[in-house]
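Q: I am attaching a structure below and will ask some questions about it afterwards.
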Amino acid sequence: ADEDKKEEPQPWQHGPLLPVRVILRDFAASLPDGDEPVTGNHLWQYIARELEREGRGEFAPSLKQHLIEQGGLLLLDGLDEVPDAEAVRPKIKQAIEACTGLFPDCRILVTSRTYAYERTEWKLDGFAETVLAAFDRRQIHAFVQRWYFFLRSFRDMTEDEATQQADDLNRRIAENFRLFDLARRPILLT
């Protein structure tokens with residue numbers, strides 16, 4: 001059935017993009033209190049501080065220049081995980097929308113669970129929406145295999161142990177419709 005289909009590559013016309021990931025709940029904690037307007041520069045300053053905190057502060061000017069002149073991919077993760085949503089999400093929304101002006105050639109990807117993005121006032125102006133497709137059986141199997149391979153170094157497992165645990169989980173998912181239904185969603189499968 002679907003395992004026999006040849007995968008078609010997804011179209012991509014943007015060339016290679018330098019990724020910059022921001023966890024939005026951490027960024028939210030850095031925002032000013034009160035009614036001060038939030039700008040794209042608040043997000044940039046957060047990125048620069050994070051580079052500094054990691055001992056990579058000297059890269060901030062080059063990164064900013066690259067994002068302005070060549071673009072990149074801003075991965076803004078977890079809009080739904082921002083605490084105190086009523087007060088903070090409007091500020092996050094301002095910062096994200098303002099980033100489109102600060103870094104006009106950047107692609108911006110904002111992740112959120114769908115339930116948290118349903119309210120009209122939280123939607124981002126000028127952003128397209130999409131929902132991740134559920135995994136099929138082949139994708140579940142491949143994800144589980146790769147996940148356990150990745151976990152090996154964190155759990156001090158041998159390759160055989162990781163393979164055995166991945167095979168066990170894949171077998172349980174295949175045998176149990178409820179597990180299969182959960183496993184179709186990548187975040188729940190993890």
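Q: Between PRO61, PRO32, which is more than 27 Å from GLU129 (Cβ to Cβ) and in a loop (DSSP other than H, G, I, E, B)? If you could, list the steps in order and put the result at the bottom.
A: Working: PRO61 fails: in a loop (DSSP other than H, G, I, E, B).
The unique qualifying residue is PRO32.
Q: From the list ARG138, ARG146, pick out the single residue that is under 25 Å from ARG113 (Cβ atoms), charged (D, E, K, R), open to solvent by 80 Å² or more (accessible area, probe 1.4 Å) and in a helix (DSSP H, G or I). Full working, then the answer.
A: Details: ARG138 fails: open to solvent by 80 Å² or more (accessible area, probe 1.4 Å).
Result of the check over ARG138, ARG146: ARG146.
Q: Just checking, does the stretch 28-42 include any residue being buried (at least 16 other Cβ atoms within 10 Å of the Cβ), over 17 Å from the mean Cα position of the chain (by Cα) and among the hydroxyl-bearing types (Ser, Thr, Tyr)? Step through it out loud before you land on a result.
A: To start, the set of residues in the stretch 28-42 that are buried (at least 16 other Cβ atoms within 10 Å of the Cβ) comprises 28, 31, 38-40, 42.
Now restrict to residues that are over 17 Å from the mean Cα position of the chain (by Cα): 31, 38-40, 42.
Now restrict to residues that are among the hydroxyl-bearing types (Ser, Thr, Tyr): 39.
Scanning the stretch 28-42, I find at least one residue that is buried (at least 16 other Cβ atoms within 10 Å of the Cβ), over 17 Å from the mean Cα position of the chain (by Cα) and among the hydroxyl-bearing types (Ser, Thr, Tyr), so the answer is yes.
Q: Follow-up question, since we're still on this one. Tell me, which residue of the stretch 149-158 that is in a helix (DSSP H, G or I) and not charged (D, E, K, R) is least open to solvent (accessible area, probe 1.4 Å)?
A: Initially, the stretch 149-158 is screened for residues in a helix (DSSP H, G or I), giving 149-155.
From the residues that got through so far, the ones that are not charged (D, E, K, R) too are 149-151, 153-154.
Values: PHE149: 130, PHE150: 108, LEU151: 18, SER153: 96, PHE154: 144 Å².
This residue is LEU151.
Q: Next question, about the same structure. With respect to the numbered conditions (1) under 23 Å from PHE127 (Cβ atoms); (2) at pLDDT below 95; (3) surrounded by fewer than 16 Cβ atoms within 10 Å (Cβ to Cβ), which one is the sole condition not fulfilled by ARG21?
A: The number of the failed condition is (2).
Q: Taking interchain pairs and intrachain pairs at least six residues apart, which have beta carbon atoms under 6 angstrom, with the first residue in the stretch 46-61 and touching a residue at least 12 places away in the same chain (Cβ under 8 Å) and closer than 19 Å to ALA28 by Cβ and the second open to solvent by 50 Å² or more (accessible area, probe 1.4 Å) and part of a helix (DSSP H, G or I)?
A: Short answer, once both residue conditions are applied: LEU51/PHE59.
Q: Select from the stretch 149-190 the residues that are of a type in the set (S, T, N, Q) and without any contact (Cβ under 8 Å) to a residue 12 or more places away in the chain and write down the one among them that is farthest from ARG113 (Cα to Cα).
A: Taking the stretch 149-190 and keeping what is of a type in the set (S, T, N, Q), we get 153, 158, 163-165, 170, 176, 190.
Filter once more, so that each one left must be without any contact (Cβ under 8 Å) to a residue 12 or more places away in the chain: 153, 158, 164, 176.
On the way: SER153: 29, THR158: 35, GLN164: 32, ASN176: 25 Å.
The selected residue is THR158.
Q: Hey, among the residues in the stretch 114-125 that are assigned to a helix (DSSP H, G or I) and over 19 Å from the mean Cα position of the chain (by Cα), which one's surrounded by the most Cβ atoms within 10 Å (Cβ to Cβ)?
A: Restricting attention to the stretch 114-125, the residues satisfying the condition of being assigned to a helix (DSSP H, G or I) are 114-117, 120-122.
Cutting the leftovers down to over 19 Å from the mean Cα position of the chain (by Cα) gives us 120-121.
Values: THR120: 5, GLU121: 8.
Residue satisfying both the conditions and the ranking: GLU121.
Q: So which residues in the stretch 58-113 are open to solvent by less than 80 Å² (accessible area, probe 1.4 Å), under 28 Å from TRP12 (Cα atoms) and within 14 Å of the chain's Cα centre (by Cα), if there are any at all?
A: LEU73, LEU74, LEU75, LEU76, ASP77, GLY78, LEU79, ASP80, ILE108, VAL110, THR111, SER112
Q: On to the next question. Can you give me the number of residues within the stretch 126-135 that are surrounded by fewer than 10 Cβ atoms within 10 Å (Cβ to Cβ) and within 19 Å of LEU182 (Cα to Cα)?
A: Step one: of the stretch 126-135, the residues surrounded by fewer than 10 Cβ atoms within 10 Å (Cβ to Cβ) are 126, 128, 130-131, 133.
If we keep only those that are within 19 Å of LEU182 (Cα to Cα) as well, we get 131, 133.
Count: 2.
Q: A further question follows. Would you be able to say whether some residue in the stretch 159-177 is aliphatic (A, V, I, L, M) and open to solvent by 90 Å² or more (accessible area, probe 1.4 Å)? Write out each step before concluding.
A: First, the residues of the stretch 159-177 that are aliphatic (A, V, I, L, M): 162, 166, 169, 173-174.
Now narrow it down to the ones that are open to solvent by 90 Å² or more (accessible area, probe 1.4 Å): none.
Checked against the condition, which is being aliphatic (A, V, I, L, M) and open to solvent by 90 Å² or more (accessible area, probe 1.4 Å), the stretch 159-177 yields no hits at all.
Q: Same structure, new question: Give the residues of the stretch 81-116 that are closer than 20 Å to GLU36 by Cβ and among the acidic types (Asp, Glu), sorted by residue number.
A: ASP84, GLU86, GLU97
The values are calculated or read from the model by the stated rules, or taken from the named source; none is laboratory data. Here the structure is a predicted model, which means the values were calculated and not measured. Counting neighbours? That spans all protein chains shown, and the Cβs are built from the backbone with ideal geometry, glycine included. All accessible areas refer to the heavy atoms of the entire protein, side chains included, with ligands and DNA or RNA removed. Shrake-Rupley method; radii C 1.70, N 1.55, O 1.52, S 1.80 Å.
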